[in-house]
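First up is the structure itself, then whatever we jot down about it.
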Amino acid sequence: MTLQTDIPTGDDLIAEIERLRKERNAVILAHYYQAPHIQDLADFVGDSLELSRKAADTDADVIAFCGVKFMADTAKILSPDKIVVLPDLDAGCSLEDSCPPEKFRAFREKHPDHIALTYINCSTEVKALSDVIVTSSSAETIISQIPEDQKIIFGPDRHLGGYMSRKFNREMLLWPGVCIVHEAFSETELLKLKQQHPGAPVAAHPECPPTIIDHADYVGSTSGILQYAETFKGDTLIVATEPHIIHQMEKALPDKTFIGAPGADGNCACNICPYMALNTLPKLYTALRDLEPRIEIEEGLRLKAKQSLDRMLEMASGTIGKGDLGRV
Ligand code: 13P
Ligand code: SF4
């Protein structure tokens, strides 16, 4: 059981996390949507594809995953002999919640001539029911390898699926899930912001609805957006994805200005992922101290889910660091 007592604070907390990281031979992985102080402490910060690869490759004994549950599950699927801890087990995802395995199974059974390409933001059970997993940085490469006459179910993100469908001019059956964070951007407020910053390009994540994507100069995964931030012409960039990513941009490019795209109230606080925000330094500390909450996956299920993940890693090879979906 995790004891929430005797948690150090301030510099002592950081020192204790450092001590435990060494003592446990642990690697701390963090997604770009984690709070800046967690990103700064991590051994590696990345997008979903990069984090999956890192989790599969590391020789650490413990993976402390500062991200959401489907990411920690992916780490355990790929590295079953390692202890994988997630600081807060309630760090879920609206896309995962939108796609219960039983409903997904029934949907697949209704369309036996379709293969299932499934966004990594789903449960282990849904991965086990899928043919190939994709991330936002690997989806394009993977779809381009699938024969044109092969029918496709794409789930659970209808916006990423819709974006791919338009880009490839290819019909796909879309599962109706959305990311609550990207769904919250407001086209009206974005247009006002663009007027205030004439000439500033917009970089958007493909989880955004078309009303936002239609105004984007660049569309790509979190690592793709970071690469665009390093190359765009001008001094101001409007960023339509979870705003904690701006931390890496400000570190790399202190002379440029990065503005988070606004939500409906004109304030981007509604675009902070509430699930990612559940992970905190005190919870990371107790996770390393107690090696709990730990991810456990039944072996038969893990092996089935691993097949669709392995297919992604094979088909996506060469895409790391590319992350560029371009523009429809
Ligand atoms: P990527 O970092 O792979 O672009 O994913 C974004 C996201 O929403 C993760 O939950
Ligand atoms: Fe899920 Fe959206 Fe949060 Fe990513 S940002 S974890 S897709 S709810």
**OP:** Mind checking which helices (runs of 4 or more DSSP H) fall wholly inside region 218-302 and carry at least 1 residues that are open to solvent by 10 Å² or more (accessible area, probe 1.4 Å) and either within 16 Å of ligand 2 (Cβ to nearest atom) or small (Gly, Ala, Ser) (or both)?
**Re:** 222-231, 246-252
**OP:** Within region 172-217, work out how many residues are assigned to a loop (DSSP other than H, G, I, E, B), within 16 Å of ligand 2 (Cβ to nearest atom), out of contact with any Pro (no Cβ under 6 Å at 6 or more places or on another chain) and over 23 Å from Lys256 (Cα atoms).
**Re:** 8
Original post:
Just checking, which of Pro176, Pro156 is within 17 Å of Asn121 (Cα to Cα), surrounded by fewer than 15 Cβ atoms within 10 Å (Cβ to Cβ) and touching a residue at least 12 places away in the same chain (Cβ under 8 Å)?
Top reply: Pro176
Subject >> Candidate set from region 67-84 (those that are within 11 Å of Leu309 (Cα to Cα) and away from ligand 2 (no atom under 13 Å from the Cβ)); member that is surrounded by the fewest Cβ atoms within 10 Å (Cβ to Cβ) >> reply: Leu78
Original post:
Condition test on Leu51, is it in a helix (DSSP H, G or I), open to solvent by less than 20 Å² (accessible area, probe 1.4 Å) and more than 15 Å from ligand 2 (Cβ to nearest atom)?
Top reply: no
**OP:** Restrict the check to region 12-34 and report whether at least one residue is of a type outside the set (Val, Ile, Thr), within 15 Å of ligand 2 (Cβ to nearest atom) and surrounded by fewer than 19 Cβ atoms within 10 Å (Cβ to Cβ).
**Re:** no
**OP:** Kindly list the number of the only condition in (1) under 15 Å from Phe70 (Cα atoms); (2) in a loop (DSSP other than H, G, I, E, B) that fails for Asp149.
**Re:** (1)
Original post:
Where in region 85-135 are there helices (runs of 4 or more DSSP H), lying fully within it, with 3 or more residues that are modelled with pLDDT of 95 or more and more than 16 Å from ligand 2 (Cβ to nearest atom)?
Top reply: 101-110
**OP:** Output the number of the condition that Lys127 fails; it satisfies all remaining conditions of (1) farther than 22 Å from Leu51 by Cβ; (2) open to solvent by less than 40 Å² (accessible area, probe 1.4 Å); (3) among the basic types (Lys, Arg).
**Re:** (1)
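The values are calculated or read from the model by the stated rules, or taken from the named source; none is laboratory data. These numbers were taken from a predicted model, which means no experiment stands behind them. Please note: Cβ atoms are built from the backbone with ideal geometry, for glycine as well, and neighbour counts cover all protein chains shown. We work out accessible area using only protein heavy atoms, side chains counted, and drop any ligands, DNA or RNA first. Shrake-Rupley method; radii C 1.70, N 1.55, O 1.52, S 1.80 Å.
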